Amino acid sequence: MNSPGGLREPFNHLFGELRPKLHRYCARMTGSVVDGEDVLQEALAKAVEALPGAGPIANPEGWLFRIAHNAALDFLRRRAREKAFSDDETDMIADPANPIADRQAAAAGLHAFMRLPVAQRSSVIMMDVLGYSLQEIGTMLDTSIAAVKAALHRGRGRLRQIASEQDDRPVPILSAAERLLLEAYIDRFNAHDFDAVRDMLADEVRLELVARTRLNGRKEVGTYFGNYSRVQDWRFVAGFVEDRPAVLVRTGDDPAAPPTYFILLTWRDGRVAAIRDFRHARYAADGAELFVP
């Protein structure tokens with residue numbers, strides 16, 4: 001990748017291949033698969049903007065991860081939830097090949113990563129979840145190998161501590177009004193009564209078919225339901241994604257199978273004001289806290 005005019009097509013191909021991996025990173029940095037997708041899209045926009053003036057890019061994958069990392073930091077600063085990280089005590093050396101730590105990190109829920117400071121979180125995700133080397137992590141995070149080792153040491157220790165704690169977070173519940181609206185939408189969808197579903201749309205409804213397209217207004221969004229009418233590999237159930245009311249989608253013939261993707265709805269005055277459908281971004285369900293009441 002070394003000429004601005006010839007960069008866009010291979011860049012788009014690379015981004016398509018890396019999108020699930022980048023999302024795993026962004027989701028664990030933000031503590032949310034939904035916020036992680038927002039950060040991922042912000043990173044893509046920044047990468048496209050920077051591409052013409054970037055010059056030769058020796059390591060496109062590392063370049064994209066660096067942009068995604070910075071986008072995640074910007075997001076966290078906006079939320080103002082994180083404390084600054086110091087590179088003190090960099091003599092604490094972590095074993096870079098630690099299969100026990102690998103398994104603990106890969107199994108950790110997104111909320112567990114949010115309890116790590118940013119530098120620990122990013123280092124543990126990159127090595128123990130995504131499999132990058134110390135050198136690669138140092139390059140992508142623009143920090144020293146000693147600092148990465150120290151962050152791994154602390155982060156892995158904190159994850160072990162968190163894993164031993166009892167999870168006492170309350171189970172999410174739907175209000176009566178939310179349940180009525182969500183179940184009405186789902187019942188009509190499952191019955192393939194798409195005219196009735198269209199009747200639930202607000203005039204200025206917005207649709208994001210994540211990783212594919214965006215539509216605006218009842219007329220445009222109405223065409224989206226026709227796509228669902230032509231496939232039979234789905235069934236909707238009401239549930240939660242990270243405590244957010246959501247449509248959870250099961251595919252295949254097993255009614256007890258876990259959901260494979262989800263749809264978020266925004267309501268205004270009893271009408272659907274926004275739809276965010278992750279059918280073509282099923283990577284977002286990786287690590288997501290999906291709950292069926």
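Going through the stretch 237-276 one residue at a time, which ones are of a type in the set (F, W, Y) and closer than 20 Å to A176 by Cβ? Steps first, please.
Initial filter on the stretch 237-276 (of a type in the set (F, W, Y)): 240, 261-262, 267.
Within the stretch 237-276, F240, W267 meet the criteria.
For the stretch 133-154, the criterion of being surrounded by 21 or more Cβ atoms within 10 Å (Cβ to Cβ) and part of a loop (DSSP other than H, G, I, E, B) is met by none of the residues.
Working carefully through the options R78, R28, R19, find the one that is part of a helix (DSSP H, G or I) and within 19 Å of R279 (Cβ to Cβ).
Numbers: R78 fails: within 19 Å of R279 (Cβ to Cβ); R28 fails: within 19 Å of R279 (Cβ to Cβ).
That would be R19, the only listed residue that is part of a helix (DSSP H, G or I) and within 19 Å of R279 (Cβ to Cβ).
Filtering the stretch 155-182 to residues that are loosely packed, with under 14 Cβ neighbours inside 10 Å and at pLDDT 95 or above leaves only L180. Contact map, the stretch 221-235: residues that are under 15 Å from D193 (Cβ atoms) and among the small types (G, A, S) paired with residues that are surrounded by fewer than 17 Cβ atoms within 10 Å (Cβ to Cβ) and modelled with pLDDT of 90 or more, Cβ distance under 8 Å, separation 6+ or inter-chain. Pairs shown: G226/F194; S229/H192; S229/F194. With respect to being in a helix (DSSP H, G or I), surrounded by 15 or more Cβ atoms within 10 Å (Cβ to Cβ) and within 16 Å of the chain's Cα centre (by Cα), A68 fits the description. Of everything listed in (1) buried (at least 17 other Cβ atoms within 10 Å of the Cβ); (2) over 23 Å from the mean Cα position of the chain (by Cα), the single unmet condition for T260 is (2).
Might you let me know whether the stretch 174-190 holds any residue that is within 30 Å of R66 (Cβ to Cβ) and in a helix (DSSP H, G or I)? Give the steps one after another, and end with the answer.
Of all residues in the stretch 174-190, those within 30 Å of R66 (Cβ to Cβ) come to none.
No, the stretch 174-190 contains no residue that is within 30 Å of R66 (Cβ to Cβ) and in a helix (DSSP H, G or I).
Each row is one residue, and each column tells you yes or no for (1) of a type in the set (A, V, I, L, M, F, W, C); (2) buried (at least 17 other Cβ atoms within 10 Å of the Cβ); (3) not assigned by TED's automatic domain parsing to the domain that holds S122.
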residue	(1), (2), (3)
F15	yes, yes, no
P20	no, no, no
H23	no, yes, no
T30	no, yes, no
D38	no, no, no
L44	yes, yes, no
A47	yes, yes, no
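Name the residue that is surrounded by the fewest Cβ atoms within 10 Å (Cβ to Cβ), counting only residues in the stretch 219-241 that are of a type in the set (A, V, I, L, M) and more than 22 Å from the chain's Cα centre (by Cα). Taking the candidates together, the pick is V231. R250 fulfils the conditions (1) crowded, with 19+ Cβ neighbours inside 10 Å; (2) in contact (Cβ under 8 Å) with a residue 24 or more places away in the chain except for a single criterion, (2).
Hey, among the residues in the stretch 264-293 that are among the aromatic types (F, W, Y) and either more than 11 Å from A246 (Cβ to Cβ) or at pLDDT below 95 (or both), which one's surrounded by the most Cβ atoms within 10 Å (Cβ to Cβ)? Steps first, answer last, please.
Within the stretch 264-293, the first condition is being among the aromatic types (F, W, Y), and the residues that meet it are 267, 278, 283, 291.
Retained after the next criterion (residues that are either more than 11 Å from A246 (Cβ to Cβ) or at pLDDT below 95 (or both)): 267, 283, 291.
Working: W267: 17, Y283: 23, F291: 15.
That would be Y283.
Could you tell me which of the residues D195, D187 is exposed (fewer than 12 other Cβ atoms within 10 Å of the Cβ), over 30 Å from A112 (Cβ atoms) and not polar (S, T, N, Q)?
Numbers: D187 fails: exposed (fewer than 12 other Cβ atoms within 10 Å of the Cβ).
Matching residue, one of D195, D187: D195.
Looking only at the stretch 242-277, residues that are within 23 Å of V171 (Cβ to Cβ) and assigned to a loop (DSSP other than H, G, I, E, B) come to 8 in all.
Please work out if R206 is part of a strand (DSSP E or B), loosely packed, with under 14 Cβ neighbours inside 10 Å, at pLDDT 95 or above and not assigned by TED's automatic domain parsing to the domain that holds V33. No.
With closer than 21 Å to Y224 by Cβ, in contact (Cβ under 8 Å) with a residue 60 or more places away in the chain and of a type outside the set (A, V, I, L, M) as the only criterion, which of F278, F262, F291 stands out? Even if it seems obvious, please write down each step before you answer.
Details: F262 fails: in contact (Cβ under 8 Å) with a residue 60 or more places away in the chain; F291 fails: closer than 21 Å to Y224 by Cβ.
On inspection, the qualifying residue turns out to be F278.
On the given criteria, is N190 of a type in the set (S, T, N, Q) and modelled with pLDDT of 95 or more? Criteria met by N190.
The values are calculated or read from the model by the stated rules, or taken from the named source; none is laboratory data. Note that the coordinates shown come from a computational prediction; the quantities given were computed from them, not determined experimentally. Quick reminder, even Gly has a Cβ in these numbers, built from the backbone with ideal geometry, and neighbours come from all protein chains shown.
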